[in-house]
Each structure stands twice: as C-alpha cells, then as structure tokens.
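> If you scroll down you'll find the structure; I have some questions about it.
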Amino acid sequence: MSEKKFESKLDNIDISIFTEMSMLANQYKAINLSQGFPEFDTPEFLKESVITFVQQGKNQYAPSTGMPDLLEQISELIQRQYNITLNANETITVTSGATEALWVAIQTLVRPNDEVIVFDPAYDSYEPAVALAGGRCIHIPMLAPDYKIDWQQVEAAITAKTKAIIINSPHNPTGTLLTEQDMQTVEKLVWENDLYLISDEVYEFITFDGRQHESVLRFPKLFERSLVISSFGKTFHCTGWKLGYCTAPPELTDEFRKIHQYVTFASFTPAQLGIAKMLQQAPTHITELAGFYQSKRDCLVNALQDSRFKLLNSQGTYFLLVDYSEISQQSDRAFCHWLTKEKGVAAIPLSPFYEKPTSDKIVRLCFAKNENTLLNAAEKLCQL
Ligand code: PMP
Ligand code: GLN
C-alpha cells in the first residue's frame, strides 16, 4: 500500500467561522448573535402550504431547472421589483440555496489559472469555490467604516487572466449597499475588459431608511454579462430549507444548468411549490420585510446607545457591525471567544473574511432575533 500522505485541495481552510461561533455559543449557552439565521419561524401560511404539498404526494424530483410554478412566480417577482421582463425558462434556475448557486456560477465561469476579483471582507464561500475550479481570488480590501469599493484599485488589478468580479450587496458582513454609480462603474469595467460578474444579492429585500437595492437586474446591459444569486432562506425565514435561484442571460443559464444538474439535479419539491404559492398569494411578506428588519436594527442600535461600542451604519442585511476598541485590545477572534465564554453573547469576528487581516477591532452582530433576545444581549453588552 502506498505510504503517500493524503493532500487536501483546501489546505488552508478550516471549519467555517459560523460553525465555530455557533458551536461555542451552544457550548457556553450564550445568546447567539453570531451565525446569521432568524430566531423566528417561517410564516405559518408557507409552512402549511409545504406540509399540504408533502401530504398531496408532491414528493418526487422537480424538473432540474425548477418547478414551473415557481419559475413563473420568480419572474413576476423580478418584474414587480426590478421592472424587467424575463423568460423564466431561459434565464432562471432554482438551486439548493444561494451557496449552490454561487458554486455553480463560479464553475460556469472559472477555468484553471483564471483570476476572480473579490472584495474583502468577502463572504466565505467564494474563495474555496474559485480555488476548486483552479482559479485564484484577487482580494481588494474595503476599509472601515464606510467599506466603499475603490474602483481605481479594481481597474489596476485587472489583468489578461481576470475572468470575473464577485460583488455582494446588501453586503455581508458590513451591511453596506452598492450605489447606482458603483453599478455604472462595474458595468463599464465588465464590458471594457471582457469580464463577467457574479452578483450575490441574497439580502435584496432587506434595505433600510428608504434606500433602494441596486440589483444588477436594473441594469440590462450589465445583466448580459452577469449571474445574479438570490436566496429564499433570507426572504422567508427558512435558511434550513436551502432554496435559492440564479438569474442569468440564456447563454450563461445554459452552461449553469449543465453543471447544476450534476451537482444536485433538483431541489426539494414541496418547498418549491410552497414558495410559489406564497409568492402568488402573500406578496406583502416581501414588501414588509425591510420594515420588519429595520425595527429590529433600531431596537438593537437604541439598546446599545449607552454602551462603549461604537456602532457602524447598517444600511441593509440583518447584521450590525460594532467597534469594540474602547473595551478591549484583543484580536477580533479572541474578543469573540471571550465575549461568548465570559459574557454570554456570541458575535462573528471579521478577520476570517479578509485575506490580509486588518487590525480593526470590529465584530458582527446578527439582529434577526426576537426583541427580547436583542434586549437581553444588549444589556450584557452595555455592562462591558
Ligand atoms: N451569500 C451571502 C452573502 C450569505 O450571507 C449567505 C448566507 N447567509 C449565502 C450567500 C448563502 O445562502 P444560502 O443559505 O441560501 O445558501
Ligand atoms: N450566511 C450566514 C452568516 O453570514 C451563515 C451561513 C453558514 O452558516 N454557512 O452568518
């Protein structure tokens, strides 16, 4: 037998920071404001619909591209939201969560030695997917407290090897939004340099203070070169169902679907039918989502007013960044471990989202929680 040691393809990757912090929160019975998931349940109407579809025997494979009813409802949602008419059969593919959609989108575009530009702090699933496709991420940092993209730096980073740019707005973990001007700049860069764009828009319906989400779907010329990623998990408080979709022009969708059919083939049929019914019969859930989360953000922000944390501005998502530099000089990861074990509140450090960790003393709190939970956590945080 060969003595050769097994070599990992992802040598420098460990369990995700979300798993690490949620495990620690459970172990120490801390209030878990770390991993992003709602504490409240998915709407009753949606739960009942899915149960009914299970009982009606809708339990076999869906078409690989998605249940026709759901594809139709998604295209109507996109029409209402972004004012663009799409032929769902050619442009929308239902996936097992945004994670699968991102994975397949990256496989669709990236070949060995290609470069992909990502912005740090970057969501953790981009880099391993690019690496396993044989590509390399080029990281461009966004700096606190505004986390704006420096487009000149992006332009300077583009080489003959650059294949794609990955953007994420509303942005996890910073809660910032890209502006119309950002989108116009990215459109210009993409076309001038023959690039593609992957746009992670999983928090598309969660924007605050009247701000508009600048979806790629509002920019028809940019959309021609883009794969847009969405997730029902965030929208319907059902992160455990792992249902999302990718919207892309027909040529990219064809390639996306070839890969998707060999990753999962199809996603959970009863949830696809339940969400189609929800989109059709209860459309106000989505229009009310931003207000629902804005009051949670405001609850946490108000409850932390008298703390020694400096609060950054959350424009969207269900995350709030807080600066703890007046409280501790520990690294962000050490601070999060200490906070969980000693003070009973779990948060997420930002350094795992950077290629070159910064010395920032900033951590992420998730406010997708009941008001009581937020107030209890804030009371502990105010004692620091
Ligand atoms: N992208 C971002 C920015 C996310 O925050 C998440 C999940 N929180 C995902 C993708 C993955 O979404 P899903 O759970 O639908 O796979
Ligand atoms: N996206 C969620 C977050 O940002 C976690 C998802 C996961 O656990 N992989 O916290």
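The values are calculated or read from the model by the stated rules, or taken from the named source; none is laboratory data. Being a predicted model, the structure only gives us computed values, none of them experimental. A quick note on method: Cβ atoms are made from the backbone with ideal geometry, for glycine too, and the neighbour counts reach across all protein chains shown.
> One residue is enough: does the stretch 345-359 have a residue meeting the conditions under 18 Å from the mean Cα position of the chain (by Cα) and basic (Lys, Arg)? Before the answer, list the steps.
Here is the first cut: in the stretch 345-359, the ones under 18 Å from the mean Cα position of the chain (by Cα) are 347-354.
Remaining after also requiring basic (Lys, Arg): none.
No, because not a single residue in the stretch 345-359 is under 18 Å from the mean Cα position of the chain (by Cα) and basic (Lys, Arg).
> Now for a different question. So residue 253 fits all but one of (1) closer than 23 Å to residue 129 by Cα; (2) in a helix (DSSP H, G or I); (3) over 21 Å from the mean Cα position of the chain (by Cα); what number is the exception?
In the conditions (1) closer than 23 Å to residue 129 by Cα; (2) in a helix (DSSP H, G or I); (3) over 21 Å from the mean Cα position of the chain (by Cα), residue 253 misses (3) alone.
Every residue, every condition in (1) within 30 Å of residue 378 (Cβ to Cβ); (2) modelled with pLDDT of 95 or more; (3) more than 14 Å from ligand 2 (Cβ to nearest atom); (4) of a type outside the set (Val, Ile, Thr), yes or no:
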site	(1), (2), (3), (4)
23	yes, yes, no, yes
27	yes, yes, yes, yes
34	yes, yes, no, yes
48	no, yes, yes, yes
69	no, yes, yes, yes
73	no, yes, yes, yes
95	no, yes, yes, no
108	no, yes, yes, no
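> Considering each residue of the stretch 288-309, count those that are of a type outside the set (D, E, K, R) and touching a residue at least 40 places away in the same chain (Cβ under 8 Å), and give that number. Spell out the reasoning first.
The first filter runs over the stretch 288-309 and keeps only residues of a type outside the set (D, E, K, R), leaving 289-295, 299-305, 307, 309.
So of that shortlist, the ones also touching a residue at least 40 places away in the same chain (Cβ under 8 Å) come out as 289-290, 293-294, 299-300, 303-304, 307, 309.
Qualifying residue count for the region: 10.
> Next up: Only one residue in 117, 92, 84 is under 18 Å from residue 197 (Cβ atoms) and within 16 Å of ligand 1 (Cβ to nearest atom). Which one?
None of the other options fit; the residue is 92.
> Within the set of pairs 6 or more residues apart or between chains, which connect a residue that is under 14 Å from residue 230 (Cβ atoms) and without any contact (Cβ under 8 Å) to a residue 60 or more places away in the chain inside the stretch 57-77 to a residue that is among the polar types (S, T, N, Q) and in a loop (DSSP other than H, G, I, E, B) with Cβ atoms less than 9 Å apart?
71/65; 75/85; 75/87
> Looking at the structure I just gave you, is residue 18 under 21 Å from the mean Cα position of the chain (by Cα), within 30 Å of residue 341 (Cβ to Cβ) and either surrounded by fewer than 14 Cβ atoms within 10 Å (Cβ to Cβ) or not hydrophobic (A, V, I, L, M, F, W, C) (or both)? Talk me through it step by step, then tell me what you get.
On the way: under 21 Å from the mean Cα position of the chain (by Cα): yes; within 30 Å of residue 341 (Cβ to Cβ): yes; either surrounded by fewer than 14 Cβ atoms within 10 Å (Cβ to Cβ) or not hydrophobic (A, V, I, L, M, F, W, C) (or both): no.
No.
> Report, by residue number, each residue of the stretch 224-244 that is closer than 15 Å to residue 168 by Cα and away from ligand 2 (no atom under 16 Å from the Cβ).
Correct list: 226, 227, 228.
> Next question. Can we say residue 12 is more than 16 Å from ligand 2 (Cβ to nearest atom) and surrounded by fewer than 18 Cβ atoms within 10 Å (Cβ to Cβ)? Before the answer, list the steps.
Values: more than 16 Å from ligand 2 (Cβ to nearest atom): yes; surrounded by fewer than 18 Cβ atoms within 10 Å (Cβ to Cβ): yes.
Yes.
> In this structure, does residue 134 turn out to be among the small types (Gly, Ala, Ser), on the phi > 0 side of the Ramachandran plot and within 15 Å of ligand 2 (Cβ to nearest atom)?
Details: among the small types (Gly, Ala, Ser): yes; on the phi > 0 side of the Ramachandran plot: yes; within 15 Å of ligand 2 (Cβ to nearest atom): no.
Criteria not met by residue 134.
> Could you check the stretch 356-367 and list, in sequence order, the residues that are at pLDDT 95 or above and of a type outside the set (Phe, Trp, Tyr)?
Across the stretch 356-367, the qualifying residues are 360, 361, 362, 363, 364, 365, 366.
> Another question, if that's okay. Does residue 228 satisfy the criteria of being surrounded by fewer than 23 Cβ atoms within 10 Å (Cβ to Cβ), under 20 Å from residue 105 (Cα atoms) and among the β-branched types (Val, Ile, Thr)?
no
> Starting from the stretch 221-248, keep only residues that are within 13 Å of residue 78 (Cα to Cα), then list their pairs with residues that are of a type in the set (Asp, Glu) and within 16 Å of ligand 2 (Cβ to nearest atom) whose Cβ atoms are within a distance under 7 Å, requiring at least 6 positions of separation or different chains.
So the pair list comes out as 228/201; 229/200; 229/201; 230/201; 230/204.
> Determine whether residue 222 is buried (at least 20 other Cβ atoms within 10 Å of the Cβ), modelled with pLDDT of 95 or more and more than 19 Å from the chain's Cα centre (by Cα).
The answer is yes for residue 222.
> Scan 85, 91, 42 and give me the residue that is hydroxyl-bearing (Ser, Thr, Tyr), at pLDDT 95 or above and within 30 Å of residue 378 (Cβ to Cβ).
On the way: 85 fails: within 30 Å of residue 378 (Cβ to Cβ); 91 fails: within 30 Å of residue 378 (Cβ to Cβ).
Going through 85, 91, 42 in turn, the sole match is 42.
> To continue, here is another question. Can you confirm whether the stretch 120-131 contains a residue that is of a type in the set (S, T, N, Q), surrounded by fewer than 23 Cβ atoms within 10 Å (Cβ to Cβ) and within 30 Å of residue 236 (Cα to Cα)? Quick ask: steps written out before the conclusion?
Our first condition is that a residue be of a type in the set (S, T, N, Q); within the stretch 120-131, this holds for 125.
Then keep just the ones that are surrounded by fewer than 23 Cβ atoms within 10 Å (Cβ to Cβ); that gives 125.
From the residues that got through so far, the ones that are within 30 Å of residue 236 (Cα to Cα) too are 125.
Yes, the stretch 120-131 contains a residue that is of a type in the set (S, T, N, Q), surrounded by fewer than 23 Cβ atoms within 10 Å (Cβ to Cβ) and within 30 Å of residue 236 (Cα to Cα).
> Turning to a different aspect of this structure: I'd like to check something: does the stretch 141-159 contain any residue that is surrounded by fewer than 22 Cβ atoms within 10 Å (Cβ to Cβ), in contact with a strand residue (DSSP E or B) (Cβ under 9 Å, 6 or more places away or on another chain) and part of a strand (DSSP E or B)?
yes
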